[in-house]
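Working notes for the structure below.
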Amino acid sequence: MRIILLGPPGSGKGTQAPILAEKLGILAIASGDMFRAAIAKQTAVGMEAQGYMNAGELVPDATTIRLVTERLTEADCANGFILDGFPRTLPQAQELGEKIAIDKVIDITCDEEILIQRISGRRVHLPSGRVYHIDHHPPQVAGKDDETGEDLIQRDDDLPETIRKRLAVYTEQTKPLSEFYQNGDQPTYHEIDGNQEIAAITQAMLAVARS
Ligand code: AMP
């Protein structure tokens with residue numbers, strides 16, 4: 001099962017992808033996590049990506065496509081995967097489609113005020129990519145990851161001035177993918193209401209994945 005998750009920042013992709021992956025026995029691959037790991041390791045890709053990410057802009061297609069499509073050919077992806085944050089532009093979607101057949105596209109829609117509220121309260125455990133929210137999905141101990149007890153951080157690009165930029169970039173560059181996948185014969189496109197509670201969204205997504 002190969003699934004693409006579409007949806008604006010804050011729609012719940014990073015929360016839902018690992019839950020779904022576990023239930024379906026596949027891998028969650030988040031392009032943003034891959035870039036954050038590359039920055040932490042100060043690799044060439046990380047150095048290139050950092051400026052774009054901090055500005056709330058997209059990393060150039062060539063670098064992003066290479067990073068993600070190479071990852072998808074690794075052995076642990078053979079059983080399937082759920083892609084969180086990729087593709088985000090038409091060229092990314094086209095190249096992915098040429099290389100790998102996708103079974104389902106799940107597009108999470110959400111109202112803008114809810115997105116902003118979710119992103120501003122988001123806290124992340126960087127090494128694992130685990131995502132929390134200070135009100136709606138708090139860690140057991142404030143500021144600490146449930147599994148490792150390590151510190152949670154607020155992402156630099158989750159600060160208010162960058163959030164608006166990222167939402168604008170989504171509308172301009174990523175939203176057209178909804179139409180792209182809706183109009184294609186394959187793969188199947190499904191829209192989910194992302195304004196709901198976490199558990200309700202998971203149920204709706206599982207129903208799509210298993211349909
Ligand atoms: P995310 O964690 O998915 O919100 O991604 C954080 C940031 O990483 C984005 O704002 C972009 O700067 C970069 N990024 C992640 N995925 C992509 C992608 N598919 N194409 C371009 N840039 C990306």
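Please treat every number below as a calculation from the coordinates, not as lab data. Since the structure is predicted, the reported quantities are computational estimates derived from the model, not experimental observations. Quick reminder, even Gly has a Cβ in these numbers, built from the backbone with ideal geometry, and neighbours come from all protein chains shown.
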Query raised in the report: Hey, quick one: spin label on residue 112, modelled 7 Å out along Cα-Cβ, who in the range 1-45 has an amide N within reach, i.e. under 16 Å?
Result: 8-11
Report summary line: Of the candidates 8, 178, 60, the farthest towards the positive dipole end of the chain (Lys/Arg Cβ +1, Asp/Glu Cβ -1, centred on the Cα centre) is 60
Query raised in the report: To the nearest 20 debye, what charge dipole does the range 39-147 have about its Cα centre, counting +1 at the Cβ of each Lys and Arg and -1 at the Cβ of each Asp and Glu?
Result: 280
Report task. Considering the options 124, 32, 73, tell which one lies farthest towards the positive end of the dipole of the chain, charges being +1 on Lys and Arg and -1 on Asp and Glu at the Cβ, about the Cα centre. Result -> 73
Query raised in the report: Dipole size in debye (nearest 20) for the range 39-88 around its Cα centre, Lys and Arg Cβ +1, Asp and Glu Cβ -1?
Result: 60
Requested in this report: Within the set of other residues whose C-beta is less than 14 Å from the C-beta of residue 1, count the net charge using Lys and Arg as +1 and Asp and Glu as -1.
Outcome: +2
Requested in this report: Run the numbers on the chain and let me know its relative contact order in percent, using alpha-carbon pairs under 8 Å that are six or more apart.
Outcome: 32
Query raised in the report: Which value, in debye to the nearest 20, gives the size of the charge dipole of the range 65-211 about its Cα centre, when Lys and Arg are +1 and Asp and Glu are -1 at the Cβ?
Result: 140
Query raised in the report: So, in Å, what gap is there between the alpha-carbon centers of the range 26-72 and the range 145-211?
Result: 17
Query raised in the report: Between residue 43 and residue 100, what is the label-to-label distance in nm when each label sits 7 Å out along the Cα-to-Cβ direction?
Result: 1.5
